[in-house]
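*Asks:* Take a look at this one; I'll ask things after.
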Amino acid sequence: MLDFTFTEEQKMLRDVARKFTDNEVRPFAAEIDEKEELPFDIITKAAELGFLGVVFPEQYGGGGFGEIGYCILLEEIARGCNSTAVTIGGHESLGAMAIYLCGNEEQKQKYLRPLAEGKLLAAFALTEPNAGSDAASMKTFAVDNGKNFLLNGNKTFITNGNIADVIVVFAITDASKGVKGITSFIVENKWNGFRAGKPEKKMGIRGSHTTDLFFENLEVPKENILGEVGNGFKVAMETLDVARVSLAAQCLGSSKEMLELSIKHANERKQFGKPIAEQQAIQFMLAEMASEIYQTESIIYRTAWMIDNNIPCSRESAICKLVATETVCKIADRAMQIHGGMGYMREYPIERLYRDARVNRIFEGTNEIQHIVIARDVLKSTK
């Protein structure tokens, strides 16, 4: 039986998330962007509302809302501030999600519970200076010294890198096996040999902390292996399959916000003696924006439902990521055009939303990689 309505609990979650965004996030979004700093009290308030674990089961300290609820949350927060949404996403969609999907019970109790309760923050360290889309080219390595693994190397572009308490780190444990020689580890930032670099200066999502991470003879206990030795690539791919859907939800929130701002501006801005909303060119742009948002919203929540029902959806999550990130960039461009010169000024939120949108086609797997994932699955299914 198909049911396209949200439950009462999901509607309540949306209301709470919207009020939080309107009262605690949106008023400070321009300042967050300008200062390139997300006030930690916003994350603290989000934790108090249970937002940092909304996706996880209650048995691990989460809200029990699953992927649908989590997409609702990120959609609403992204309408107010993408930097805030990305900070929560790096914690919940990636770092904590990897432990939830692939951790053992002891690891879930030790790390996932405090992460879900908002007592700790998480990060996910896969990318390296010379290993972006090609994960097998990573140089970070871990050597078994009997009792522990000795971790050495460098990660780059890590969301929450300098504020995370717990980091899921991927390293080569057997260089002869390619991706099957990658192992994932749960690392604590307080351990000797860990160091985070300075936050990067970015074009968009400037309030989200993006840093290098350095590991110098860092000893990782064997009980902190996430999954099994040599299973790290699978851990990363399973995590990203889920994370791409919630990233798409962030793009959906931004897209809805830009459409709403564009409608408001088109009704208020007058040229040639009438509101520009009466011009067919503007109407057509608004119609295309609304149509693309509807399509994007439909595939996101359908795929989130698949995740909640344990239905494999690697192809569908890649489609969500591809469609939503391309859509948000197209909508940002149209919104800028509708706003004209005003939209280009930093005092208007469109300028910030336009800059924030562009990175979505790059991180959590470039859109070129999504094409490959989708094409491989399409070709495999036709054999």
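*Asks:* Cβ-Cβ under 7 Å, sequence separation 6+ or interchain: first residue in the range 321-348 and modelled with pLDDT of 95 or more, partner crowded, with 22+ Cβ neighbours inside 10 Å and not in a helix (DSSP H, G or I). Which pairs?
*Replies:* Short answer, once both residue conditions are applied: Lys321/Glu364; Lys321/Gly365.
*Asks:* Which of (1) touching a His at 6+ places or on another chain (Cβ under 6 Å); (2) within 26 Å of Lys177 (Cβ to Cβ) is the odd one out, the single condition Phe233 does not satisfy?
*Replies:* Of everything listed in (1) touching a His at 6+ places or on another chain (Cβ under 6 Å); (2) within 26 Å of Lys177 (Cβ to Cβ), Phe233 misses just condition (1).
*Asks:* Could you count how many residues in the range 137-152 are of a type outside the set (Phe, Trp, Tyr), closer than 16 Å to Ile186 by Cβ and assigned to a strand (DSSP E or B)?
*Replies:* Here the count works out to 4.
*Asks:* Going by the structure shown, is Asp174 free of Cβ contacts under 8 Å to residues at least 60 places away in the same chain, outside the structural domain of Ala85 (by TED's automatic domain parsing) and surrounded by 18 or more Cβ atoms within 10 Å (Cβ to Cβ)?
*Replies:* no
*Asks:* If the requirement is being among the hydrophobic types (A, V, I, L, M, F, W, C), under 21 Å from the mean Cα position of the chain (by Cα) and not in a strand (DSSP E or B), which of these qualifies: Ile186, Ile158, Ile163?
*Replies:* That would be Ile163, the only listed residue that is among the hydrophobic types (A, V, I, L, M, F, W, C), under 21 Å from the mean Cα position of the chain (by Cα) and not in a strand (DSSP E or B).
*Asks:* Which condition does Asp134 not pass, out of (1) at pLDDT below 95; (2) acidic (Asp, Glu); (3) within 19 Å of the chain's Cα centre (by Cα), if it passes all the others?
*Replies:* Against the list (1) at pLDDT below 95; (2) acidic (Asp, Glu); (3) within 19 Å of the chain's Cα centre (by Cα), Asp134 comes up short only on (3).
*Asks:* Output the residues belonging to the range 350-380 that are touching a residue at least 40 places away in the same chain (Cβ under 8 Å) and over 17 Å from Ser208 (Cα atoms).
*Replies:* Correct list: Ile350, Gly365, Thr366, Asn367, Glu368, Ile369, Gln370, His371, Val373, Ile374, Asp377, Val378.
*Asks:* Further, regarding this structure: Among the residues of the range 257-292, what is the count of those that are more than 24 Å from Arg18 (Cα to Cα), of a type in the set (A, V, I, L, M) and without any contact (Cβ under 8 Å) to a residue 24 or more places away in the chain?
*Replies:* Number satisfying all stated conditions: 3.
*Asks:* With respect to Gly95, is the statement that it is under 18 Å from the mean Cα position of the chain (by Cα), modelled with pLDDT of 95 or more and within 23 Å of Pro221 (Cβ to Cβ) true? Before the answer, list the steps.
*Replies:* Numbers: under 18 Å from the mean Cα position of the chain (by Cα): yes; modelled with pLDDT of 95 or more: yes; within 23 Å of Pro221 (Cβ to Cβ): yes.
In short, yes.
Residues are listed down the side, and each one gets a yes or a no for (1) more than 30 Å from Ile158 (Cβ to Cβ); (2) surrounded by fewer than 22 Cβ atoms within 10 Å (Cβ to Cβ):
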residue	(1), (2)
Ala287	yes, yes
Ile307	no, no
Val323	no, yes
Tyr354	no, no
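*Asks:* In the list Gly53, Gly66, which residue meets the criterion of being in contact with an Asp or Glu (Cβ under 8 Å, 6 or more places away or on another chain) and on the phi > 0 side of the Ramachandran plot?
*Replies:* Details: Gly53 fails: on the phi > 0 side of the Ramachandran plot.
After applying the criteria, what remains is Gly66.
*Asks:* Specify which of the listed residues (Gly64, Gly53, Gly80, Gly90) is surrounded by fewer than 23 Cβ atoms within 10 Å (Cβ to Cβ) and either at pLDDT 95 or above or under 20 Å from the mean Cα position of the chain (by Cα) (or both).
*Replies:* Of Gly64, Gly53, Gly80, Gly90, the one residue that is surrounded by fewer than 23 Cβ atoms within 10 Å (Cβ to Cβ) and either at pLDDT 95 or above or under 20 Å from the mean Cα position of the chain (by Cα) (or both) is Gly64.
*Asks:* When the range 177-187 is examined, which residues are found to be at pLDDT 95 or above, under 13 Å from Phe141 (Cα atoms) and either out of contact with any Cys (no Cβ under 9 Å at 6 or more places or on another chain) or surrounded by fewer than 15 Cβ atoms within 10 Å (Cβ to Cβ) (or both)?
*Replies:* Gly181, Ile182, Thr183, Phe185 - these are the residues of the range 177-187 that are at pLDDT 95 or above, under 13 Å from Phe141 (Cα atoms) and either out of contact with any Cys (no Cβ under 9 Å at 6 or more places or on another chain) or surrounded by fewer than 15 Cβ atoms within 10 Å (Cβ to Cβ) (or both).
The values are calculated or read from the model by the stated rules, or taken from the named source; none is laboratory data. These numbers were taken from a predicted model, which means no experiment stands behind them. Please note: Cβ atoms are built from the backbone with ideal geometry, for glycine as well, and neighbour counts cover all protein chains shown.
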